[in-house]
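Visitor: Provided herewith is a single structure, encoded as structure tokens, for subsequent inquiry.
Just so it is clear, none of the values below were taken in a lab; they were calculated from the coordinates. Note that the structure is predicted; figures quoted are calculated from it, not measured. Backbone-built Cβ (ideal geometry, glycine too); neighbour counts: all protein chains shown.
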Amino acid sequence: MSNGQQELGRVPNRGLYRGTWIVVACSEQAMILENAGCVKQPDLRLIDRMDALPHRPLHVNEPNAEVSDRGRLATSAFAAQVVGRLAREAARGRAQRLVLAAEPPLLSAISDRLDADLRARVVLSLPQRLTRQPLGDIVTVVNNALESAA
């Protein structure tokens with residue numbers, strides 16, 4: 001795929017269909033959005049906002065390996081929290097189509113935790129941080145990526 005994009009699922013991905021869920025995440029937070037509009041006029045609505053657990057303060061004399069391990073564990077725990085939320089919604093019949101957008105380490109951690117059912121729902125995976133972008137910009141990035149991936 002082009003531009004570092006990766007398709008995980010088998011669901012058709014030609015557009016941002018009504019009901020598509022978009023997960024935008026970074027190390028500090030995740031937002032789960034749903035397109036309440038249509039392909040031609042997307043209307044993203046916030047389903048949930050999740051904050052990562054705060055890290056304990058770093059001390060100057062801590063070895064780099066410990067800091068790196070702690071960051072990896074925090075990323076892993078946050079990914080598990082996000083995937084848990086998606087799994088609960090999928091069990092209720094929601095989130096039939098998923099778009100994942102996150103910083104590469106978090107995106108990888110999220111993808112690694114997806115079960116077969118959730119993995120099949122993913123139409124696009126973007127290794128990008130979109131959490132600080134306006135909703136209109138998120139729509140543009142996702143639509144462009146979906147078109148490129150098709």
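Visitor: Quick one: Cα convex hull volume of the range 67-150, Å³ per residue?
Guide: Given the Cα convex hull of the range 67-150, per-residue volume reads 99 Å³.
Visitor: Now for a different question. Using a Förster distance of 30 angstrom, determine the FRET efficiency expected from the C-beta separation of A80 and Q133, and round it to 0.05.
Guide: The value I calculate is 0.75.
Visitor: How high is the FRET efficiency between R70 and E147 when r is their beta carbon distance and R₀ equals 35 Å, given to the nearest 0.05?
Guide: Calculated value: 0.35.
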